[in-house]
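A quick write-up on the structure given underneath.
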């Protein structure tokens, strides 16, 4: 699966060079190819991405407004740092927005919406099954399908502003999954199936409870050992492991996002 993100804020076909460079940079940050705290010098980045210095500055400034990059005045830019404390803040904001959007979406979703949700869950469930059986270890694709399923669930919320705000927050959460979390296994698989059931039966209160447990357990799992390869409050100084390579944990695998 292509690793460039295709939702709000990502790049797509037919866009300008500037938009394409922005999309590539954004994807590389979210997938951990550019590590937290990594310096982004304009001249070096321009050569790496094949764009002018002006295009790079514009794209990085746009990413800074999203909290994915930090502007350093005359010194240029660096990838935003990562810490367990910020991960917790992002997770709490995701829960607030997604919980509200789920209620709206369940109330107004039609048959077309149900179809989108079922289709998104089917793709996710197939890959989760392959991961559990050891037939596949493509964590990058798993993240994409997980992301698509949760966005399908809220896609009938009826608010463009809510959907766009949620997409931005969810992508920041997505970045932490890439940096800090391995595939957690059967618990998450079961929770995804339960969320699907809630959508089809329009059980918003139960869905809210499941979502709270789903996000909370992921956060706890990611930080149970003190975020062993991203120290609290400090940026990573080395490139993270490639997507698909799981970080060993000190407890048995339990549950994706």
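Test each condition in (1) surrounded by fewer than 21 Cβ atoms within 10 Å (Cβ to Cβ); (2) in contact with a helix residue (DSSP H, G or I) (Cβ under 6 Å, 6 or more places away or on another chain) for residue 172 and report the one that comes out false.
(1)
Here's the yes/no breakdown for (1) modelled with pLDDT under 95; (2) touching a helix residue (DSSP H, G or I) at 6+ places or on another chain (Cβ under 7 Å); (3) not assigned by TED's automatic domain parsing to the domain that holds residue 199:
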{"position": "56", "(1), (2), (3)": "yes, yes, yes"}
{"position": "61", "(1), (2), (3)": "yes, no, yes"}
{"position": "66", "(1), (2), (3)": "yes, yes, yes"}
{"position": "73", "(1), (2), (3)": "yes, no, yes"}
{"position": "94", "(1), (2), (3)": "no, yes, no"}
{"position": "101", "(1), (2), (3)": "no, yes, no"}
{"position": "107", "(1), (2), (3)": "no, no, no"}
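In this structure, is residue 189 surrounded by fewer than 21 Cβ atoms within 10 Å (Cβ to Cβ), within 19 Å of the chain's Cα centre (by Cα) and at pLDDT 90 or above?
Values: surrounded by fewer than 21 Cβ atoms within 10 Å (Cβ to Cβ): yes; within 19 Å of the chain's Cα centre (by Cα): yes; at pLDDT 90 or above: yes.
The answer is yes for residue 189.
The values are calculated or read from the model by the stated rules, or taken from the named source; none is laboratory data. Fair warning: this is a prediction, and the values are worked out from it, not measured in the lab. For neighbour counting, all protein chains shown are included, and Cβ atoms are generated from backbone atoms with ideal geometry for every residue, glycine included.
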